[in-house]
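A short write-up of the structure that comes next.
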Amino acid sequence: MAWQLGLTSSLKSRTRYDHLTCLLTKVLDEQPHNAVDVLEDMSCDVKRALFKGGQSNLRDLPHTTAAELLAEQQRLLFARQEEATQEEELVESPLPNVSEVGFYLEQAGVSLGREELQRIFLALKQLVASHGLLHCRLWGKILGTESSYIVAEAEYREDEEEESTDEATEDEERGTQEEQGENETDPIPRSTYKAPPVVPKEAIGTGTNKFVYYVCKEPGLPWVKLPSVSPAQITAARQICKFFTGRLDNPIVSYPPFPGNEANYLRAQIARISAGTQVSPQGFYQAREEEGDEDEEAPQDSHEVNPDFEGIPASEMAESLNTWVHHVQHILQQGRCTWVNLTENPRDDSNEEAEADEREEEPDEPEPEVGPSLLTPVSQDIEMFNTPPWSCRLSSALTSQHAVAVLRSNLWPGACAYACGKKFENIYVGWGVKCTGEGHSLPLPLQPQKEYPSGPEITEALDPSLEEEQALQEALEEQQATQEETEESGEEEEDDD
Amino acid sequence: MDANSLYFSLELVAGSGLTLNVEQRAALQTSLVIMKKNYKFNRVLFWGKILGLKEDYFIAQGRGEDELRDKKNLYSFNCMDWFLLPPATESMMEEVSAAAKGRFTGDPSYVYEGRKEYGDGEEIKVNEERRLAVTVHLIDEEVSVIPRGSFIRNPQGLVQINRSFSGLSDSEARKLDNFLHFNIPKNLKKKIINEMGEWNPVMDFLGPLTDDIPKGSWSLQFESAGKVCVLRSLLWLGLTFYHVPFTPQHGYLYIGDGTKNLDLPFML
């Protein structure tokens, strides 16, 4: 009988006989009162006890998600610095008051998220400590399609050296090589195109390069220094309209071509935004008084904090635009803050008379470009595309005595400034593009260049008709006849001699 | 975004830069509850803010039984007193596209004047309230986003919230085709049989974002220490959608100047 029972369970590891044995053993052990009633349940229990659970020999590999990697790096932000540096910090901290700025910005309606702002400020602290910067400030955030940039503005240290780009020397080398190749065979017509003179960069610490900018993708990741900006880049940036991708080495493919990659474009846009939208309450900064100022016409490029500033009430600041002034120099058409005359030849200093003559002869002597001077009120900004360039309002209508005056730019959407009593701050959070009004339009392509000088050999002319050819032939025969006569007469004369 | 989640979800979209201050948030919490009761909405959403030159408009949206079709928009200046916007019709959209140019001024009775470009070239006048209604409707139609699976369509055709939506996973949230447009699709591309592995008629009745032209008009990023998936539209700058993976929290908000970014092809 056991053999018969054993035959019927081919697939299972246990037979019915085994199962019944276990069940009966269990009943005998436990001796429940109503064994018949609970027999089915006990049978289920016995079967369940056999189940060994889903413990397979495979284990999950722990993935490190992107969030975990970032958290590891951001943990360093919260590490406390050594005791030795605390004394320096007590004297003058290069960073502004963190939570206060965040609070006022939130009142103004601008925020990056409270925790995010805290992380950003800790990252700024790390930047100051690692690079030894004097003053540092959060400039803002530029959104990109793949990731965003957090931008910090700092002053140059005194011992910073400018990295010289060797572009000019490279071009010269290439030019000489071409010349050597051409002299061996027939000379190819040379192009007479002269590139317009390159506007020189401004020295670091002045004009558009007054501050140095550092960017990072997320707070906690290392800060990258942006290169200084050149006027050619600013002029090109004025003509294109592009989103940022989030990768600093991304090439900018545009028309007109932008000289540089995304890092240069980012720097150029930062310069334009700073020049256009950094404002402060009137009176906060005053013009620097220098002794022995010979050139009163030279634009001032520096300002200092006014110690007697008392603060303007927020309601007044929210109503009139006269109370806000620009404190960053305006960028001229040339791409610099101070104008440079490109037609002057600095080498011919000895021939002053010759220079004077040349200047008189040149009819199109460029006039120096002049922009609005520093500390001009914002109310004098030109209106573009039928919209006023600024909108200002109070942050709250209900508690106006403690409200903050908010100024928002309409030309650079995302630029915002707030002022409350003696405190003010500027910030930019946006895509880094200027308002284009009706729409961005590309500049038209240039006129095609003349390839060769036109002369009589290559100008087209009508083929002469039959009568003209015959007339020409007759004229030639006459000429030949007269020539022969003169030759004969000449020979006779010679014979006479 | 849902009025109930307003107090924490504003932090999640703050990466775009603009947000509401505390006073406005407090006012919204009160007034949206009153609005829901008065208008008998199923759900009230805070839709966003349109920045005008002199004043800003706060927009709220009330949803009825059918989430897709039953929508009403309201606007306010102080987050307390709400005015109903007229529903946008085809003729209104034509008028607004012909006449309204530039930024919103902030005065709902301001009249824009324009001329029809075709036909008789007659003059068209449109006031700012209608322009606002049309703009809100267009933004909803073109760039409102939901994660796949968060709304379901029942056999009668009603679109409702999926109560058992537990969120997209981390890897799913990195793919743009798991996010769908929340509008009545005009041409729903029929997928070829290879792609129809996980196709589900209950969830996939809307068009995914990957069908948008030009490609690349959405920016997908992970913000807030890599925890929140944020989608930003490059066509209507200012629209931000957030979703926290593995949770049912999602929503979108528009804070911007209400103008379409027509330069998008140049900027990509």
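The values are calculated or read from the model by the stated rules, or taken from the named source; none is laboratory data. Here the structure is a predicted model, which is why all the values come from computation and not from measurement. FYI the Cβ positions are ideal-geometry reconstructions off the backbone, even for glycines, and counts take in every protein chain you see. Heads up: the accessible areas ignore ligands, DNA and RNA and are worked out on the full protein's heavy atoms, side chains in. Shrake-Rupley method; radii C 1.70, N 1.55, O 1.52, S 1.80 Å.
Scanning segment B:87-117 for residues that are touching a strand residue (DSSP E or B) at 6+ places or on another chain (Cβ under 9 Å), closer than 20 Å to residue B:184 by Cβ, surrounded by fewer than 16 Cβ atoms within 10 Å (Cβ to Cβ) and not acidic (Asp, Glu) gives a single hit, B:87.
Scanning segment B:203-239 for residues that are open to solvent by less than 30 Å² (accessible area, probe 1.4 Å) and part of a loop (DSSP other than H, G, I, E, B) turns up B:204, B:205, B:206, B:207, B:217, B:225, B:226, B:234, B:236, B:238. Do we have any residue at all in segment B:35-53 that's touching a Ser or Thr at 6+ places or on another chain (Cβ under 8 Å), farther than 24 Å from residue B:234 by Cβ and open to solvent by less than 10 Å² (accessible area, probe 1.4 Å)? No - not one qualifying residue is present in segment B:35-53.
The C-beta contact set for segment A:136-154 (first residue within 13 Å of chain B (Cβ to nearest Cβ) and within 13 Å of residue B:221 (Cβ to Cβ), second residue of a type in the set (S, T, N, Q) and crowded, with 24+ Cβ neighbours inside 10 Å, distance under 6 angstrom, 6+ apart or interchain) comprises A:141/A:148.
The criterion of being more than 8 Å from chain A (Cβ to nearest Cβ) and open to solvent by 10 Å² or more (accessible area, probe 1.4 Å) does not hold for residue B:253.
When the test is whether a residue is farther than 20 Å from residue B:137 by Cβ and open to solvent by 10 Å² or more (accessible area, probe 1.4 Å), residue B:268 passes it. For segment A:460-497, a residue qualifies if it is part of a loop (DSSP other than H, G, I, E, B) and modelled with pLDDT of 75 or more, and the qualifying residues are A:460, A:461, A:462, A:463, A:464, A:465. The number of residues in segment A:99-135 being within 14 Å of chain B (Cβ to nearest Cβ) and over 27 Å from residue A:409 (Cα atoms) comes to 2.
Taken over segment B:5-61, the criterion of being free of Cβ contacts under 8 Å to residues at least 12 places away in the same chain, within 9 Å of chain A (Cβ to nearest Cβ) and either aromatic (Phe, Trp, Tyr) or in a loop (DSSP other than H, G, I, E, B) (or both) is satisfied by B:17, B:21. Quick one: in segment A:241-283, which of the residues that are assigned to a loop (DSSP other than H, G, I, E, B) and aliphatic (A, V, I, L, M) is most open to solvent (accessible area, probe 1.4 Å)? So the residue we want is A:253.
Within the set A:314, A:236, A:298, the sole residue that is surrounded by 13 or more Cβ atoms within 10 Å (Cβ to Cβ) and at pLDDT below 80 turns out to be A:314. Checking B:85, B:6 one by one, the residue that is within 17 Å of the chain's Cα centre (by Cα) and over 26 Å from residue A:410 (Cβ atoms) is B:6 and no other.
Restricting attention to segment A:49-69, the residues being more than 14 Å from chain B (Cβ to nearest Cβ) and either modelled with pLDDT of 80 or more or within 30 Å of residue B:226 (Cα to Cα) (or both) number 4.
Report, by residue number, each residue of segment A:393-405 that is at the interface with another protein chain (Cβ under 10 Å from one of its Cβ atoms) and among the hydrophobic types (A, V, I, L, M, F, W, C). Matches in segment A:393-405: A:397, A:398, A:403, A:404. If you go through segment A:406-424 and keep only what is open to solvent by 30 Å² or more (accessible area, probe 1.4 Å), in contact with a strand residue (DSSP E or B) (Cβ under 6 Å, 6 or more places away or on another chain) and away from chain B (no Cβ under 12 Å), you end up with just A:424.
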